[in-house]
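J.: Okay, handing you the structure first.
Taken together, the values in this text are just the output of simple stated rules run on the coordinates, not laboratory data. Being a predicted model, the structure only gives us computed values, none of them experimental. Heads up, the Cβs are rebuilt from the backbone with ideal geometry, glycines too, and the neighbour counts pull from every protein chain shown.
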Number of protein chains: 2
Amino acid sequence: MKANRAHPGCAELVGDAIRKAVAACGLPPDVFSLIQGANHDLNLRLVKHPHTRAAGFTGSLKGGRALFDAAAARPDPIPVYAEMGSVNPLFVLPGALRERGEAIAEGLKGSVTMGNGQFCTKPGVVMAFDDPAFDKFTEKLKGLMTQQAPGTLLHPGILKSYEEGLKSFGALSSVVAKSSTAPDRVKTQAEAAVFETEAATFLKEPRLREEVFGPATLLVRCGTRDELEKAARAMEGHLTATVHGTDADLREFAALISILEERVGRIVYNGFPTGVEVCASMNHGGPWPATTDGKFTSVGTGAILRFVRPISYQNLPDAALPQELRNKNVQKIWRLVDNKLTQDDLT
Amino acid sequence: MKANRAHPGCAELVGDAIRKAVAACGLPPDVFSLIQGANHDLNLRLVKHPHTRAAGFTGSLKGGRALFDAAAARPDPIPVYAEMGSVNPLFVLPGALRERGEAIAEGLKGSVTMGNGQFCTKPGVVMAFDDPAFDKFTEKLKGLMTQQAPGTLLHPGILKSYEEGLKSFGALSSVVAKSSTAPDRVKTQAEAAVFETEAATFLKEPRLREEVFGPATLLVRCGTRDELEKAARAMEGHLTATVHGTDADLREFAALISILEERVGRIVYNGFPTGVEVCASMNHGGPWPATTDGKFTSVGTGAILRFVRPISYQNLPDAALPQELRNKNVQKIWRLVDNKLTQDDLT
């Protein structure tokens, strides 16, 4: 584990917890090492080391790409599972907007500002149709975001990128609302912000389709279903997409779901994407550039699949097999035997 | 599908079969295309095309590496599943060598010359202990290989590489036997060949640990268990490893199995690695340089996992879900529901 240079102390606390878990499980202590350092070159050297067999990473596209490229250029390439950013588009379909636009605005504000907007699943783009209900929704969101107190970001580098993001979004779209309290820069505070643009501008300006890491989101006002689908198609790979709708909305916008299936790892309906549950059905991953490998999740029971590979044992006697493959199924695990799933012993 | 330039006609026959299968399954005809061409650049262009999402390849390390590098350098990297060669070491442990050395020699001859040695799982290195039983085994193999008639290789390029392989192995080790009939070069024929060396030479000469594609194999005479384990550790990633032994051998050489688990995708006991069955337990893959991604098999039901990725559907109503995830389990597939595997409908 290479500690984030902005949080050496926090990394030591996490490292201690892992070391205790290693001891409690009776594993050799050297299965875990924590390395501290402020030099990016250290990450590259870890990925290039001949003994390294795989790497996981969370951070910027630039950082993830550098590690991916170094791993791919090795004499023996290794996988780098990098999670590199995600805009997490959220769609408010017409029926839902009319029925409960204000409630959605409240939920959205909570999701955008949760952890001061530093969740990788923060909804960074909200698409809906130009409609009186959209104006009411925007008005509600504006009130909530204005009241939102500035919050402390993880480190000054993130604050700097966030402020650059606000500037570039401000130049390309309209500011709907900002925290009414001024942020305290000494405390690395960031103001919450909502921007708005038309679908045509969103389609024209690639920067508006990129992530701003922090408590900001962009509303995209669409004129027609065709325009909304085009805007959805213009999105790259993301961790999540969220749809707010009614049953009638879902029938009318079935094509939108198909578009999203090609672009994201998790589709959330009538909810918010922030917060992930550690369970078998969680997929915290998505197509490039959300991650370097959309076939794997970094959260949930499936996450271990990044670091294992299959082996066939052909014709080995029972005693030479791993316990899980022996005739007696001691742990009563599910096994596929002659194409039938079973927990039984073999005879 | 990019046809092998050495077999345009064969590729057309395969293409016709696939087109018929596509029609029989009611799929759109454009899901399959066959491209002919003799230029390597065509492969690279296919892998670099923005619409290409993944690629599979079988061929040389040089060819596979070129495709892998091109795919990794894309603005949006894609996976290349390349199978690039494998030496498939075979170990004859002392008890088995004494009990049935001649039978193993017969099986080995069949496996080395099957398809004129052009199976990717052909055993290219055979390790055993210096022992009178090894001399008898070698004598038997020598007789069989001498009688082996030269066979036609897939194309002249393969014959050329094979003859270069024979030359380099001949320079580094001793020739035990060759086909007594001279090969007909006009018919692209290759003679079968067996070489022999000591473990010390095998460890010193990396070329002897590389694949010779064609009907040749190398016997490695080991002095001690330590030497045999060192030779096994010196091997890179392979598709398979094979062990011939008795129950007592397996107990004595448990460490060898552990060494092989780190290096191959399939461990065969008291059999031969040539021939793969299309089934759920097949793993036709292995660590670099056998393949570019040892996490996947290219044969068997698991092979489809190379070309799919997971999506979570969170909170979607039944009607908007794919059929496989709806409450009614129409196809009675196994599903994990609240951490329990079940074929039941949900209520």
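J.: Which residue in B is nearest the B/A rotation axis when you measure from the C-beta atom, and what is the distance in Å?
T.: Spelled out as residue then distance in Å, it is B:Ala72, 2.
J.: Here's a follow-up. With springs only between Cα atoms under 10 Å, which of A:Ala241, A:Ala177, A:Ala290 fluctuates most in a Gaussian network model of chain A?
T.: Per the Cα network of chain A with a 10 Å cutoff, A:Ala177 tops the list.
J.: Compute the orientation-averaged projected area for segment B:1-100 from the convex hull of its Cα atoms and round it to one decimal in nm².
T.: Average of the hull's projected areas for segment B:1-100 equals 10.4 nm².
J.: Please compute the contact order of segment B:90-269 in relative form: average sequence separation of alpha-carbon pairs under 8 Å and at least six residues apart, divided by the residue count, as a percent.
T.: Reported relative contact order: 28 percent.
J.: Which entries of B:Lys109/B:Lys136; B:Lys62/B:Lys295; A:Lys48/A:Lys160; A:Lys340/B:Lys332; B:Lys2/B:Lys109 have Cα-Cα distances beyond 24 Å here?
T.: A:Lys48/A:Lys160; B:Lys2/B:Lys109, as the Cα separations exceed 24 Å there.
J.: Can I ask one more? Once the dipole of chain B is set up with Lys and Arg at +1 and Asp and Glu at -1 on Cβ about the Cα centre, which of B:Ala103, B:Ile35, B:Val299 lies farthest towards its positive end?
T.: B:Ile35
J.: Viscosity 1.306 mPa s, temperature 10 °C: Stokes-Einstein D of segment A:58-206 from its Kirkwood Cα radius, in µm² per second?
T.: Result for D is 93 µm²/s.
J.: Principal axes first, then extents: for the Cα atoms of segment A:121-195, list largest minus smallest coordinate on each axis, whole Å, largest first.
T.: Computed over the Cα atoms, the extents are 41, 24, 23 Å.
J.: With contacts defined as alpha carbon pairs under 8 Å and 6 or more residues apart, what's the relative contact order of chain B in percent?
T.: Over chain B, the number comes to 15 percent.
J.: Compute a Gaussian network model of chain B, connecting alpha carbons closer than 10 Å, and tell me which residue from B:Gly285, B:Gly265, B:Gly63 fluctuates the most.
T.: Answer for the Gaussian network model of chain B: B:Gly63.
J.: Report, to one decimal in Å, the Kirkwood hydrodynamic radius for segment B:80-151 based on all distinct Cα pairs.
T.: The Cα-based Kirkwood calculation yields 13.1 Å.
J.: Ranking A:Lys136, A:Lys160, A:Lys295 by Cβ neighbours within 10 Å, fewest first, what do you get?
T.: So the residues, fewest neighbours to most, are A:Lys160, A:Lys136, A:Lys295.
J.: Could you work out which residue, out of B:Leu218, B:Leu42, B:Leu325, moves most in a Gaussian network model of chain B, that is, has the largest mean-square fluctuation with Cα springs under 10 Å?
T.: Of B:Leu218, B:Leu42, B:Leu325, the Gaussian network model singles out B:Leu325 as fluctuating most.
J.: Just tell me the longest site-free run in chain A, where the sites are chymotrypsin sites (Phe, Trp or Tyr not before Pro) in a DSSP loop having at most 15 other beta-carbon atoms within 10 Å.
T.: Here the longest segment lacking exposed loop sites spans A:33-333.
J.: If you fit an axis through the alpha-carbon atoms of helix B:8-24 and take the longest principal axis of the Cα set of chain B, what angle between them do you get, 0 to 90°, nearest 10?
T.: 40 degrees
J.: On a 0 to 90° scale, report how tilted helix A:225-234 is relative to the longest principal axis of chain A, with both axes built from alpha carbons and the result rounded to the nearest 10.
T.: Its long axis makes an angle of about 50 degrees.
J.: Let me ask something else about it. With the cut-off at 1.5 for a/c, could you classify segment A:216-346 from its C-alpha gyration tensor as rounded, prolate or oblate?
T.: Prolate, because a/c is 1.5 or more and a/b exceeds b/c.
J.: How far, in nm to one decimal, is B:Lys328 from itself in the other copies if the label point is set 7 angstrom along Cα toward Cβ? Shortest first, please.
T.: Counterpart label points of B:Lys328 in the remaining copies fall at 4.6 nm.
J.: What would the Debye formula give as log10 I(q)/I(0) at q = 0.06, 0.07, 0.09 Å⁻¹ for the alpha-carbon point model of the protein assembly as shown, no solvent?
T.: Reported log10 I(q)/I(0), two decimals: -0.45, -0.60, -0.92.
J.: Further question: Express as a percent, rounded to the nearest 5, the fraction of DSSP beta bridges in chain A (both residues included) that run antiparallel.
T.: Antiparallel bridges: around 30 percent, rounded to the nearest 5.
J.: Give me the aspartates and glutamates in straight-line cross-link reach of B:Lys140: C-alpha distance below 12 Å, same-chain residues under 8 apart excluded.
T.: Cross-link targets: B:Glu102, B:Glu106.
J.: Going by C-beta contacts inside 10 Å, put A:Thr152, A:Thr297, B:Thr292 in order with the fewest on the left.
T.: With the sparsest Cβ surroundings first, the list reads A:Thr152, B:Thr292, A:Thr297.
J.: Tell me which aspartates and glutamates have Cα within less than 15 Å of A:Lys167's Cα, excluding those fewer than 8 residues away on the same chain?
T.: Candidates past the 8-residue exclusion: A:Glu191, A:Glu196, A:Glu205, A:Glu210, A:Glu211.
J.: Using a label position 7 Å from Cα in the Cα→Cβ direction, what is the ascending list of nm distances from A:Ser168 to the same site in the other copies?
T.: So the label point of A:Ser168 gives 4.8 nm to the other copies.
J.: Give the separation of the Cα centroids, segment B:168-203 to segment A:153-184, in Å.
T.: Here the answer is 71 Å between Cα centres.
J.: To continue, here is another question. Which whole number of Å³ per residue matches the convex hull of the alpha-carbon atoms in segment A:152-286?
T.: Convex hull volume per residue, Cα atoms: 136 Å³.
J.: Another question about this same structure. Can you list the aspartates and glutamates whose alpha carbon is less than 13 Å from that of B:Lys204, not counting same-chain residues fewer than 8 positions off?
T.: By straight Cα distance, B:Lys204 reaches B:Glu227.
J.: Cα gyration tensor of segment A:25-73, axes a ≥ b ≥ c as square roots of the eigenvalues: rounded (a/c below 1.5), prolate (a/b > b/c) or oblate?
T.: Verdict is prolate for segment A:25-73.
J.: To the nearest whole number, what is the average tally of beta carbon atoms from other chains within 10 Å of the beta carbons of peptide A:64-74?
T.: 2
J.: Label-to-label distances across copies for B:Leu305, with labels 7 Å out along Cα→Cβ, in nm, shortest first?
T.: Between copies, matching label points for B:Leu305 lie 0.7 nm apart.
J.: Using the alpha-carbon atoms, what tilt in degrees (0 to 90, nearest 10) does helix A:61-72 show relative to the longest principal axis of chain A?
T.: Relative to chain A, helix A:61-72 is tipped by roughly 30 degrees.
J.: Where in segment B:294-336 does the amide nitrogen come within less than 14 Å of the point 7 Å from the Cα of A:Leu305, taken along Cα to Cβ?
T.: It comes to B:295-297, B:302-313, B:336, nothing else.
J.: Let me ask something else. Give the distance, in whole Å, between the Cα centre of segment B:231-296 and the Cα centre of segment A:277-347.
T.: One Cα centre to the other: 19 Å.
J.: Let me ask something else about it. With 18 Å as the cut-off, how large is the P(r) tail for segment B:230-279, expressed as percent of Cα-Cα pairs?
T.: 31 percent
J.: Based only on Cα atoms, what Rg/Rh ratio does chain A have, Rh being taken as Kirkwood's radius?
T.: On the Cα set of chain A, Rg over Rh gives 1.04.
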